[in-house]
Amino acid sequence: MRLFDDGPFDDGPVQYSDRKRGFARLASLLLAGLLTASVFTVTLFGGLSDSSRSIEGPLVQEDDEEFLRELERSFDEDEIDFFKEKVRPILEANCFDCHGNDPEKLGGGLALISRRMILEGGETGPAVEFDDIEDSLLIDAINYGSYEMPPENQLPEEEIAILTEWVEMGMPWTPNDKNRVIESGHGHGIPQVNAESMSFWSFQPVSRPEPPAVEHSDWVTNEIDHFILSRLENQGIQPAEPASNDKLIRRVYYDLTGLPPTPEQVQAFVDDDSPDAYDDLIEELLASPHYGEKWGRHWLDLVRYAESNSFERDGTKPFVWRYRDYVIESFNDDKPYDEFLIEQLAGDEIESPTNASIIATGYYRLGQWDDEPADPKQALYDDLDDILATTSQSMLGLTINCARCHDHKIDPIPMSDYYQMLAFFRNVRRYGVRGHNTVIDASSRQLVMEEDPDPEVVADYDRRLQEKEDYLKEIEAIVVEDFEPVEHEDFQYEQNRIRLVEARVAKEIITQEQFNRYRDTFHQRNRMLEEPPHKFRVLCVKENNHEPPQTHILIRGNPHVEGDPVDPGYVSVLAPPSAEIEKPEHIESSGRRLALARWIASPDNPLTARVMANRIWQHHFGRGIVRSANDFGFQGEAPTHPELLDWLAAEFVEQDWSLKQMHRIILRSSAYRMSGAFDSTAYEKDPLNNLFWRFDMRRLTAEEVRDSILAVSGRLNRDKMFGPSIFPQLSREVLEGQSMPGNGWGNSVPEDRTRRSIYIHVKRSLSVPLLANFDQADTDFNCPVRFNTTQPTQALGLLNSEFTNSEAALFAETISERTNTAGEFVTEILSRVMQRAPSDEEVARGLILIEELQNEDGMPEQQARACFCLYAINLNEFIFLD
């Protein structure tokens, strides 16, 4: 570790959660344009991952015995795995646009989507010659010999080495049929729903495979380790040594609570020789209320949680924070995942709805809302599409929304399936029409507290609320007489009222004192409405009536051009049952959403358990077994450990959909407890760590960075949970970035401003700079994987922001009061920041910095100490988690 580097990340590794991003610069494809066009006949059979298309060309060498023998060549399991895990991703990322199964784009008549086609080659002959591998066109081109392919940028050395080794191995291909083709997704055919497409791995029922046998069983802690170690042993790779206890406790604290342990907690764990110490730690953290705050954030990313509507006005969504609290409480209570989904999709339609299940349906109100659409019908279908896209991607791992305007180009999802799924939501009332009052009518309900309040408290509340309402109406009745026509329109929106009333002070229609009282009363009234003693309003779903309108297929997705009618139905490629819909008697609703919810949450659904098990793994290991966490379709990435994924999914259902049980199983495995130690031999064989031979380092998330800064100084307000969101202080320059500067951004009291980041008001048009710099989730769409960028604004923000400088000064002040000498001060600061005891050298370097700041820069001692604290929270060891 370098204590005082030039920036927070100059020697920290960059970890990418999605390997496809590493290939983005390789836009031109391997061997493109190498040969002239050749005539091919394309036969389309439905878009399978390995066997969807067959291309017949003039170069079939039926009379060439050597060629035919080569076609029949067999490969062992390790060779096939090498192709699937290392070669195939390179071909898919770099080759298929020009050398796939689209005859109009086929470069030089050369197709690289089957072993036979590579051997047949294009017009100038085979792409690979096994008796002269180095001079083969394929190897020559990727080494930039006679040809330079890809033409824009040469492939990285490790990818060239992988392709070369593959050819030297004899070009192993998929099992059973070496002539199968890879679906490149670029042909003209639309994948069909048929027996072959229904056999795709993620569409198959979840089965519980037996853990494979391993040679070094002493490394195995539970079933997970069998699946991991088996693959490693097959490749001759040794798993990394276990992480040290001081690193392991930090990893587990952040993974389960999003907060750092104290130095005292680290030392206690390191000193605990009990065989149950680690299990006890896991149980302690799973029982922590901060667990729900950490894991609730993951879910909020998926459902694009925000507290404003976007578009120009970006008005605040009333009471939406109750949904956030519902999510946190659900995770803390370990609510079964199937129940969690049903409540969000149809919590009002279940037989005995509760306050929590009604609040859960706020799920439908989290998206953007155009309150002044040019085409209202188009806006309605845009809203419904947003709900369907979020539901299908977050819960099913399918991009059903791609079939809105035409049959899905990649997956076997016809356009009719899209509209059958949309029909489940067709009766949902739109969020609102125009003003705030229409939102309250269409998207909120008043619920009664489940516990009876004190009658005297209720009476006092009603009296005070009525007094405030009366005063607001009194002032509004005075000013409204002076409004221009457009101001009458603007006054419908609550966020405009204070501004419009204040404008009447200059006109002397009301006094400054009257306005000040109006402003304060306005805010007090709103706070009272959000927290009444006996009843409260929630943002939730409502339907129009018991009889939903007919859903039609929309031609080209145009809501004004209706095609055939459709009834509610599920995704046909999954061979689902027919939708059984019962209208609820207790609420004016169609019952359609409950039917959909029960199908999605069924243990028989092949996707739901797999998708969530993969997400749990992703948030513990940094990437999913399926890297494309939202796409389990044909274009998604194949699972690196398909049997392990199925075992986890089966276990998830068997454990009654308990997330906490899944955490226990994963965290107790030897695979999770590995260190991040580098091994050159393992790296050469598996540079992307697909086989999990070590634990990948990760950077703290945006929320973890902010919360950790507050936590290490002791200023984090851990105790206050739930309730209306908070507003950190933002500079005038940041507020000026809005169309109406500062509109909708409040000013919380200091005690609230130190609460956890999950309670910060999420405004779509106004991000907190620190969170935005560290890759906070995009709230316009569901976010399955956050980017981990390394950019200058991160270092600049940590060094120069008002927040970090203020916190550093308070940090220094707090620790200075508790220590006697500069040495003790530096030691405690570093211990808190790094959660370990600093070395003598690190302490000495800290003392030198403080001394130089005082002697050379003329800083007072306390200011120099504050600067040292600022540098400490810029350390790589603080920002990165090993």
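The values are calculated or read from the model by the stated rules, or taken from the named source; none is laboratory data. Because the structure is predicted, anything quoted here is derived from the model rather than measured. Counting neighbours? That spans all protein chains shown, and the Cβs are built from the backbone with ideal geometry, glycine included. We work out accessible area using only protein heavy atoms, side chains counted, and drop any ligands, DNA or RNA first. Shrake-Rupley method; radii C 1.70, N 1.55, O 1.52, S 1.80 Å.
If we keep just the residues of region 428-448 that are open to solvent by less than 70 Å² (accessible area, probe 1.4 Å) and over 29 Å from the mean Cα position of the chain (by Cα), which is nearest to D386 (Cα to Cα)? The residue in question is A442.
Residues in region 218-241 include at least one that is surrounded by fewer than 17 Cβ atoms within 10 Å (Cβ to Cβ), modelled with pLDDT of 95 or more and among the β-branched types (V, I, T). Scan region 250-265 and tell me whether some residue there is in contact with a Lys or Arg (Cβ under 7 Å, 6 or more places away or on another chain) and among the aliphatic types (A, V, I, L, M). Yes, that holds for at least one residue. Residues that are part of a helix (DSSP H, G or I) and within 46 Å of the chain's Cα centre (by Cα) within region 481-494 comprise P485, V486, E487, H488, E489, D490, E494, listed in sequence order. Evaluating E210 against the criteria (1) open to solvent by less than 30 Å² (accessible area, probe 1.4 Å); (2) assigned to a loop (DSSP other than H, G, I, E, B) leaves one unmet condition, (1). Going by the conditions given, is D255 modelled with pLDDT under 95 and farther than 18 Å from K685 by Cβ? Criteria not met by D255.
For region 358-395, a residue qualifies if it is open to solvent by less than 10 Å² (accessible area, probe 1.4 Å), under 30 Å from E451 (Cα atoms) and among the aliphatic types (A, V, I, L, M), and the qualifying residues are A360, L366.
Taken as a whole, the structure leaves R525 outside the set of residues that are open to solvent by 60 Å² or more (accessible area, probe 1.4 Å) and either in a strand (DSSP E or B) or on the phi < 0 side of the Ramachandran plot (or both).
Could you name every one of the helices (runs of 4 or more DSSP H) located completely within region 257-331 that has at least 3 residues being surrounded by 22 or more Cβ atoms within 10 Å (Cβ to Cβ)?
Details: elements: 263-271, 277-286, 289-302.
Filter on region 257-331 gives 289-302.
Among helices (runs of 4 or more DSSP H) lying entirely in region 56-127, which contain 1 or more residues that are modelled with pLDDT of 75 or more and open to solvent by 20 Å² or more (accessible area, probe 1.4 Å)?
Details: elements: 65-71, 77-82, 88-94, 96-99, 115-120.
The qualifying helices (runs of 4 or more DSSP H) are 77-82, 88-94, 115-120.
For E807, the conditions (1) surrounded by 20 or more Cβ atoms within 10 Å (Cβ to Cβ); (2) more than 22 Å from Y254 (Cα to Cα); (3) touching a residue at least 60 places away in the same chain (Cβ under 8 Å); (4) of a type in the set (D, E, K, R) are fulfilled apart from (2). Step by step: first the residues of region 152-163, then only those that are open to solvent by 60 Å² or more (accessible area, probe 1.4 Å) and outside any loop (DSSP other than H, G, I, E, B), then the one that is nearest to I90 (Cα to Cα). Which residue is that? Per the stated criteria, the residue is E158. Checked against the criterion of being among the hydrophobic types (A, V, I, L, M, F, W, C), more than 30 Å from Q791 (Cβ to Cβ), assigned to a helix (DSSP H, G or I) and open to solvent by less than 20 Å² (accessible area, probe 1.4 Å), the candidates F868, F825 yield just one match: F825. So which of Q466, Q512 ends up being at pLDDT 90 or above, under 30 Å from T354 (Cα atoms) and among the polar types (S, T, N, Q)? Selected residue: Q466, the only one of Q466, Q512 that is at pLDDT 90 or above, under 30 Å from T354 (Cα atoms) and among the polar types (S, T, N, Q). Filtering region 560-589 to residues that are farther than 30 Å from S197 by Cα and open to solvent by less than 70 Å² (accessible area, probe 1.4 Å) leaves V561, P584, I587, S589. If the condition is being buried (at least 17 other Cβ atoms within 10 Å of the Cβ) and of a type in the set (S, T, Y), then region 762-789 contributes S765, S767, T779.
Being open to solvent by 60 Å² or more (accessible area, probe 1.4 Å), within 30 Å of T640 (Cα to Cα) and among the charged types (D, E, K, R) is a property that does not hold for D520. Listed by first and then second residue, the pairs with beta-carbon distance under 9 Å, at least 6 apart or on different chains, first residue in region 747-771 and among the aromatic types (F, W, Y), second open to solvent by 50 Å² or more (accessible area, probe 1.4 Å), are Y759/K720; Y759/F722.
Restricted to region 672-691, and to residues that are under 23 Å from the mean Cα position of the chain (by Cα) and among the hydrophobic types (A, V, I, L, M, F, W, C), which residue is surrounded by the fewest Cβ atoms within 10 Å (Cβ to Cβ)? Spell out how you get there, then give the answer.
Quick first cut of region 672-691, residues under 23 Å from the mean Cα position of the chain (by Cα) only: 672, 688-691.
Next, from what is left, pick out any that are among the hydrophobic types (A, V, I, L, M, F, W, C): 688, 691.
Values: L688: 17, L691: 22.
So, considering only residues that are under 23 Å from the mean Cα position of the chain (by Cα) and among the hydrophobic types (A, V, I, L, M, F, W, C), the one surrounded by the fewest Cβ atoms within 10 Å (Cβ to Cβ) is L688.
Within region 164-202, the only residue that satisfies the criterion of being modelled with pLDDT under 85, at positive phi and surrounded by 15 or more Cβ atoms within 10 Å (Cβ to Cβ) is G185.
Please specify each residue of region 727-780 satisfying the condition of being acidic (D, E), outside any loop (DSSP other than H, G, I, E, B) and within 28 Å of the chain's Cα centre (by Cα).
We begin by selecting, within region 727-780, every residue acidic (D, E); these are 733, 736, 751-752, 775, 778, 780.
Still in the running and outside any loop (DSSP other than H, G, I, E, B): 733, 751-752.
Across region 727-780, the qualifying residue is only D752.
Residue-wise test of (1) small (G, A, S); (2) free of Cβ contacts under 8 Å to residues at least 12 places away in the same chain; (3) out of contact with any strand residue (DSSP E or B) (no Cβ under 7 Å at 6 or more places or on another chain); (4) more than 16 Å from I600 (Cβ to Cβ).
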| position | (1), (2), (3), (4) |
| --- | --- |
| R313 | no, no, yes, yes |
| R322 | no, no, no, yes |
| E329 | no, no, yes, yes |
| E349 | no, no, yes, no |
| I358 | no, no, no, yes |
| G362 | yes, no, no, yes |
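Looking across region 590-637, just one residue is of a type in the set (D, E, K, R), under 23 Å from M198 (Cβ atoms) and buried (at least 24 other Cβ atoms within 10 Å of the Cβ), and that is R610. Filtering region 505-518 to residues that are farther than 22 Å from N437 by Cβ and assigned to a helix (DSSP H, G or I) leaves V505, A506, Q512, E513, Q514, F515, N516, R517. Would you confirm, using the coordinates I've provided, whether N876 is in contact with an Asp or Glu (Cβ under 7 Å, 6 or more places away or on another chain) and of a type in the set (S, T, N, Q)? Yes, satisfied.
Of all residues in region 355-401, those satisfying the criterion of being more than 18 Å from the chain's Cα centre (by Cα), of a type in the set (A, V, I, L, M) and within 23 Å of E312 (Cβ to Cβ) are A374, A379, L380, L384. Taken together, the residues in region 341-357 that are crowded, with 21+ Cβ neighbours inside 10 Å and either part of a helix (DSSP H, G or I) or acidic (D, E) (or both) amount to 8.
Quick check on M149: is it open to solvent by less than 30 Å² (accessible area, probe 1.4 Å), aliphatic (A, V, I, L, M), touching a residue at least 60 places away in the same chain (Cβ under 8 Å) and farther than 27 Å from Y683 by Cβ? Give the derivation first.
On the way: open to solvent by less than 30 Å² (accessible area, probe 1.4 Å): yes; aliphatic (A, V, I, L, M): yes; touching a residue at least 60 places away in the same chain (Cβ under 8 Å): yes; farther than 27 Å from Y683 by Cβ: no.
Judged against the criteria, M149 is not a match.
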